[in-house]
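This report refers to the structure that appears directly beneath it.
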Amino acid sequence: MDAGFPDGDWWPLTFVGVGMMLWAYRGRRAGGAFLVGFVGGMSFYLFHIQWASEFLGLVPMLALSFLESLFFGVGAIAITLAYRWMPRVWRGTYARLLFLPLVVAGLWTAREAIASVWPYGGFAWGRVALSQSESPFAALFGWFGISGVSFVMVFLVAVSVEAMVLHKADRVVRAAVAVGLAAVILAIPAFPVALDGTMRVAAVQGNGKAGYFDRGEPGNVLESQIDATAPLIQAGEKPDVVVWPEGGSDSSPYDSPRTAQVFDAISREFDAPLVSGVITTRVDDDGVETYYNTSVLWDSENGATDYYDKKHPVPFGEYVPDRAFWRPFAPDLIDLIGREYTPGVTDTVFDINGVIAGINICFDIVDDQILTDSVDEGAQIVFAQSNNADFGRTDESVQQLAIARIRAIELGRSVVNISTVGTSAIIAPNGSTIDQLPTYTPGAMIDNVPLSSATTPAVFLGRQIEWLVSGLGVLGLLVAAAATRPARKRSRV
C-alpha cells in the first residue's frame, strides 16, 4: 500500500495492497481479523510515516502507528463480519458482486473517516485516496472528494476480489463486470472549472534553519527569507501578493520592531501585501499567555490587516493534549514540546485587494472541513503554508505536496504550496504543476496563478459524501447482522 504513495509513486500498488488486506480478512473469526488488520496497519504506517521519527524520535512514530493500527484492526473485524454474514442473506451473483463490495468499501471509508477526526482531531494522513494525486483516478476528486475516492477505490478492489472466488461459471461474469465498472469510473471527466482571471503571486522559499530544534542564530529564518526575496526586488517584479511559508519569520512583527520594519519594507518594495507565518502570543483577561501558529496579512501602510490562527495544530507535535496524563509515560519526550499552540477560531480567508485567498497552515491541509470552509467563505485561491524542516529529506514533504495537488482538483482552486525548505510548488485547479522549486534550495516562484469561484460537486456535497458511503457500509452490516441472528443463535445452541 505504501509504495503507491509518494515517494514510491507506483499508484497501482495501493490497489494491490488493499486487495491483499481484503483477501486476508475473509473467513476469519473476529479476533483473527483484528490481528490481521492490526499487523497490516503497522506494516503500512511504519513505512508510510517514517518521517515522524525525524522530529521526536522512534517512540512517537511507533505510538502513532500503533494507534492507527488499532483502527485498522477494528475496521477489519467489521469487514470480516460483512464477508461472513452478507452472503447468507443476499446469495445472488450480482448481490455478491455489487452489494457486498459496496458495504465493504463503506466500512473501510468509515474507518478512515473516524480515524481522521478522533482522537484529538484525528490523523487523516494515509487514507488510500491520497495515493492517487497523479493517477487516472485523480479527476474523481472534484466530484467525490477524498473520502469518495477512497470508497471508489476499495469498491473496485472488493469487486475484483469477489470475481476471484466462488465457482468458475460466475467468475467470468464477475471479472467482466469488474473491468466494466473500472472503465466506466475512469471515463468520468474532470469537473470543468471556470476561471476568473489571475493573481500574480510571488512565493518565497528561504531554506533557513527553521526546524524546531535547529533554528541556528536568532533571526536566521527571517534573514534567509529576505535573501531569497531580494532577487525579485532587484528584478523589478510587481506581484499582487508575496507569500512566505509557515514560520517565515522566527520573530513576530507584533513584538519585534525590526521584524515589523522588514515586513513594511517588503510590502513597500513590491507595493503589495505580504502573507507570512509567524508565532503570536496573546494574554487573556486572567493574565494567561497563549501561543498561536499564525499567518498574518501585512501591508506597509496599515501593518497587520488580517490574520489566521492555525485551526489544526499537530497533537504531540505542536501541543500536548492532556499533558498531565501523558507526561508520566514519557516525561523526557513530552517535555521536549515546550510550546503549547492553541487551536485558532478565526475564519480561513484573507481579502487581498478584492481577491479572496483561503489560508491553511501545514497539517491543516489534511483537514477536509478546513479546506471546504475556505471555499464556502469565498476563497478563489488557496495558500498552503508549511514548514517541513523537521522532517529532513524524508517522504513527508512530497506526501504533503500530493495532498495539496489533490486539494486543488477537489476544490477547483489553484494551490500555492510554499514551504521553508520544500517541497514548494504552485498547482493549477486541474492538478497540473505551474511552477516548482528544488528542495533545500533558496528560491522564489512568481507566476500568474488562475483564480476560480466555481463550486465543485465535492465542495457542494462536502462531508455528506463521507456520511453517505460510511452509513451505507454500517447499515448494510447491521441489516445482515439482524437477518442472520436467528441462524447464529441456533448454531450456538
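What follows draws every value from the coordinates through simple rules; no lab data is involved. As the structure is a prediction and not an experimental result, all values here were calculated from the model. A quick note on method: Cβ atoms are made from the backbone with ideal geometry, for glycine too, and the neighbour counts reach across all protein chains shown.
So what is the diffusion coefficient of segment 195-302 in µm² per second by Stokes-Einstein at 4 °C and 1.567 mPa s, using a Kirkwood Rh over Cα pairs? Kindly include the intermediate steps, with their values, before the conclusion.
Details: Rh = 14.6 Å.
Calculated translational D: 89 µm²/s.
For segment 21-64 and segment 112-156, what is the separation of their Cα centres, given in Å?
Computed from Cα coordinates, the inter-centre distance equals 18 Å.
Compute the distance from the alpha-carbon center of segment 225-259 to that of segment 290-350, in whole Å.
After rounding, the separation between the Cα centres reads 21 Å.
Considering only DSSP beta bridges where both residues belong to the chain, give the percentage that are antiparallel (nearest 5).
Approximately 65 percent, going by the DSSP bridge assignments.
Fewest first, what order do R407, R96, R29 take by the number of other Cβ atoms within 10 Å? Walk me through the intermediate numbers first.
Values: R407 29, R96 20, R29 12.
Ascending number of Cβ neighbours within 10 Å: R29, R96, R407.
Which aspartates and glutamates have a Cα less than 14 Å from the Cα of K238, not counting those fewer than 8 places away in the same chain?
Answer for K238, where 14 Å is the Cα cut-off: E269, D271, D447, listed by chain and number.
Stretched out fully, how many nm does the piece from R327 to T346 gain, at 0.36 nm a residue minus the Cα gap?
On the way: separation 19, 0.36 × 19 = 6.84 nm, distance 3.01 nm.
Additional length available on full extension: 3.8 nm.
Helix-only estimate, please: 222 nm mean residue ellipticity of the chain, summing -39500 (n - 2.57) across DSSP H runs of length 4 or more and dividing by its residues, to the nearest 500.
Rounded to the nearest 500, the figure is -15000 deg cm²/dmol.
Positive end of the charge dipole of the chain (Lys, Arg +1 and Asp, Glu -1 on Cβ, about the Cα centre): tell me which of L461, G378, V154 has its Cα farthest that way.
After comparing all options, I get V154.
When only Cα pairs under 8 Å and 6 or more residues apart are kept, what is the percent relative contact order across segment 257-343? Spell out each step's value before the answer.
Values: 128 pairs, mean separation 21.5, N = 87.
Dividing the mean separation by the residue count of segment 257-343 yields 25 percent.
Stretch T455-Q369 to full length: gain in nm at 0.36 nm per residue minus the Cα-Cα span? Write down the numbers at each step before the final one.
Working: separation 86, 0.36 × 86 = 30.96 nm, distance 1.51 nm.
The span from T455 to Q369 would gain 29.4 nm if fully extended.
Using alpha-carbon positions, what is the distance between the centroids of segment 416-493 and segment 360-375, in Å?
Between the Cα centres of segment 416-493 and segment 360-375 lies a distance of 11 Å.
Taking only Cα atoms, what is the 0 to 90° angle, nearest 10, from helix 12-25's long axis to the longest principal axis of the chain?
The angle comes out near 40 degrees.
Go through 1-7, 77-83 and give me the packing order, highest mean Cβ count within 10 Å leading. Walk me through the numbers before you get to the answer.
Details: 1-7: 20.4, 77-83: 23.0.
So the order, starting with the most tightly packed, is 77-83, 1-7.
Once the Cα atoms of helix 168-186 and of the chain are each reduced to a long axis, what angle between those two axes, in degrees from 0 to 90 to the nearest 10, is obtained?
Helix 168-186 and the main axis of the chain meet at about 20 degrees.
Ranking request for peptides 392-405, 442-455: highest mean number of other beta-carbon atoms within 10 Å first, then the rest in descending order. Write out the running numbers ahead of the final one.
Values: 392-405: 21.9, 442-455: 18.7.
Highest to lowest by the protection proxy: 392-405, 442-455.
Give me the one-decimal nm value for the distance between modelled label points at N302 and V179, 7 Å along each residue's Cα-to-Cβ direction.
Result for the modelled spin labels: 6.2 nm.
Using alpha-carbon pairs under 8 Å, 6+ residues apart, how would you state the relative contact order of the chain in percent? The partial results should precede the final answer.
Details: 1004 pairs, mean separation 88.0, N = 493.
Normalised by residue count, the contact order of the chain is 18 percent.
Just add up the charged neighbours of F47: K/R +1, D/E -1, any other residue whose Cβ is under 12 Å from the Cβ of F47.
Values: positive: none; negative: D2, D7, D395.
Around F47, the charge tally is -3.
Students often get this wrong, so try it: which of (i) 56, 33, 20; (ii) 44, 25, 18; (iii) 38, 26, 23 is semi-axes √(5λ) of the Cα gyration tensor in Å as calculated from the structure shown?
It is the one labelled (ii).
Could you put K311, K238, K209 in order, starting from the residue whose Cβ has the fewest other Cβ atoms within 10 Å? Write down the numbers at each step before the final one.
Values: K311 21, K238 13, K209 17.
Going from sparsest to densest Cβ surroundings: K238, K209, K311.
Based on C-alpha coordinates, I'd like the Rg and Dmax of segment 327-391, in Å.
15.8, 51
Projecting each Cα onto the charge dipole of the chain (Lys/Arg +1, Asp/Glu -1 at the beta carbon, about the Cα centre), which of T229, I426, S295 comes out farthest on the positive side?
Checked the options; the winner is I426.
For segment 195-455, compute Rh as the Kirkwood radius over C-alpha pairs and then the Stokes-Einstein diffusion coefficient at 20 °C and 1.002 mPa s; write the answer in µm²/s, rounded to an integer.
117
For the chain, take the longest principal axis of its alpha carbons; what is the angle in degrees between that and the long axis of helix 100-117, to the nearest 10 within 0 to 90?
Around 30 degrees separate the two axes.
For segment 322-390, what relative contact order do you get, as a whole percent, if you take Cα pairs closer than 8 Å and at least 6 residues apart? Can you show the working numbers first?
Details: 69 pairs, mean separation 18.8, N = 69.
Value for segment 322-390: 27 percent.
May I ask you to order 222-229, 107-114 by the average number of other C-beta atoms within 10 Å around their residues, highest value first? Working shown, then result.
Numbers: 222-229: 21.6, 107-114: 24.9.
Going by the mean number of other Cβ atoms within 10 Å, highest first, we get 107-114, 222-229.
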